[in-house]
Every structure is written in C-alpha cells, then in structure tokens.
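In what follows, a structure is listed as structure tokens, so that the remarks can point back to it.
Nothing in this text is a laboratory measurement; each read-out follows from the coordinates by a stated rule. Note that this is a predicted model, so its numbers are computed, not measured. Heads up, the Cβs are rebuilt from the backbone with ideal geometry, glycines too, and the neighbour counts pull from every protein chain shown.
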Amino acid sequence: EGELQENEGCIDPLACNFNPEASIDDGSCEYLELYAIIGSTTPDPLTSVDYFYSSTMGSSYVWQASNGAVTAGQGTASVTVVWGELGLASISVTEMSEDGCEGDMVMEEFNISSTSMTEISAESLSVYPNPASSFLIIKSDLLSSGNSVIKLIDSKGRLVLEDTLDKDNRLDVSGVANGVYFLSLINDQKVENLRIVIQK
C-alpha cells in the first residue's frame with residue numbers, strides 16, 4: 001500500500017498523444033509527419049515566389065521568412081513570399097493539427113545571390129508615376145471586385161506600408177523613404193506584384 005501506480009502511455013511531451021499521467025513509455029507516441037517545403041531555394045532579389053507544404057485536412061500552418069515577407073496564404077499550406085536583397089534567407093513552416101498537436105518546424109535556408117534584378121510580370125497591374133515621390137496611382141483588373149489591400153515591401157523584405165486605396169486608386173507614399181520597393185496587390189487570395197521606385 002502507498003506505492004505510486006505506474007501507468008503506461010506516451011511520456012514524450014512533444015508527442016501528439018502525450019500522457020502526463022504515464023510513467024512508463026509503451027511505444028505509443030504519435031507525431032505529425034514532416035515533409036519538405038516545395039519552392040525555389042535560388043530566388044532572385046525582390047521577387048515573389050510561391051511555396052507549398054503537404055496539406056492535411058483540418059491543419060493550420062504558421063510560416064516565417066527571414067530576409068523576406070509572407071504576403072499571402074498565411075495559415076494555409078501554400079504561401080507567397082517576397083524576398084529581399086542579396087544575403088542569407090530562410091523560410092519555415094510549423095503545422096498545427098486540428099486537435100491542437102504542434103509539429104516540428106521545417107526550415108529551408110539559402111542565399112539570395114543573383115545579381116540580376118528580375119522584373120516581375122504582372123497580369124494587369126500598372127503603377128504610375130514610377131519612380132514616384134508622394135503618391136502612386138494603381139490600375140489592375142483585381143480592383144474591380146473591391147476589398148483590395150496594398151503591401152509595400154522594402155529591399156530587406158520588411159513590410160513598410162499596408163493600406164487600402166482611396167476612391168481614385170491612389171496610394172500615399174509621401175512618408176516612404178527613397179529606394180526600390182516591391183508592391184503587392186492582394187484581393188481574394190489573388191496576388192499581383194510589381195517593382196517600384198520611390199525617388200524624391
């Protein structure tokens with residue numbers, strides 16, 4: 001009498017089915033399966049790249065990018081990332097299952113090393129004046145359906161401006177410093193991108 005009862009179960013706190021009352025590991029621990037991130041590991045500076053991870057029904061996904069910014073798809077198994085200038089960069093994703101189990105982080109690290117500044121093709125996006133000093137006028141087929149958000153990413157991959165357009169489709173950039181930026185127009189999970197210059 002008085003002896004502690006030893007329970008069998010999963011004793012690894014990192015497992016999905018961790019049993020805090022178990023003291024003997026019975027080999028039943030379950031973990032979220034890890035997959036590779038699919039997408040370019042040789043992006044050019046200031047380019048927009050799509051990345052994909054194996055999708056599990058009910059799971060959500062947390063993405064992070066260094067020397068870059070996730071501009072669309074956060075929470076899902078596929079995202080769009082705008083990369084910064086030359087240097088080290090990384091992208092990572094962590095899966096959270098429907099029942100709250102968090103998987104290990106999966107990360108890809110690489111160098112943004114191209115010396116070419118690739119022009120981004122935009123299906124219908126046009127911006128003028130470019131270079132701009134105080135405002136931009138933006139035209140795109142995406143604007144016709146409303147609910148559009150504009151994001152301005154600097155050469156280090158940092159978000160410097162996020163705003164909606166006024167009735168004249170003008171974006172105020174008077175408070176933005178001189179430099180090369182990446183403009184993303186986001187509407188209903190559709191994204192168009194264009195490189196712009198602020199020059200005062």
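The HN-Hα couplings worked out from phi for the range 40-45 by the Karplus form 6.51 cos²θ - 1.76 cosθ + 1.60 (θ = phi - 60°) are 5, 10, 10, x, 7, x Hz, whole numbers, x standing for Gly and Pro. For the chain, relative contact order (Cα pairs under 8 Å, six or more residues apart, normalised by length) works out to 17 percent. Close amide H partners of Thr47, meaning residues 5 or more places away or on another chain with modelled amide H under 5 Å apart, are Trp83. Restricting the GluC sites (Glu not before Pro) of the range 4-71 to loop positions (DSSP other than H, G, I, E, B) with no more than 10 neighbouring Cβ atoms within 10 Å leaves Glu6, Glu21, Glu33. Residues whose amide H lies under 5 Å from that of Lys156, counting only those 5 or more places away or on a different chain, are Glu85; hydrogens are built 1.01 Å from N in the peptide plane.
How are the alpha carbon pair distances in the range 48-112 distributed across 10 Å bins from zero to the largest one, expressed in percent? Here the calculated profile for the range 48-112 is 22, 52, 21, 4. Amide hydrogen proximity for Thr71: with H placed 1.01 Å from N in the peptide plane, the residues at 5 or more positions away or on another chain lying under 5 Å are Thr80, Val81, Val82.
Reachable lysines from Lys190, Cα under 18 Å, same-chain residues fewer than 8 places away excluded? In chain and number order, the partners are Lys139, Lys151.
Taking other Cβ atoms within 10 Å as a rough exposure proxy, Ile137, Ile11, Ile198, Ile153 sort from fewest to most as Ile137, Ile11, Ile198, Ile153. Put simply, the C-alpha atoms of the chain give a gyration tensor, and the ellipsoid matching it has half-axes of 45, 18, 14 Å, longest first.
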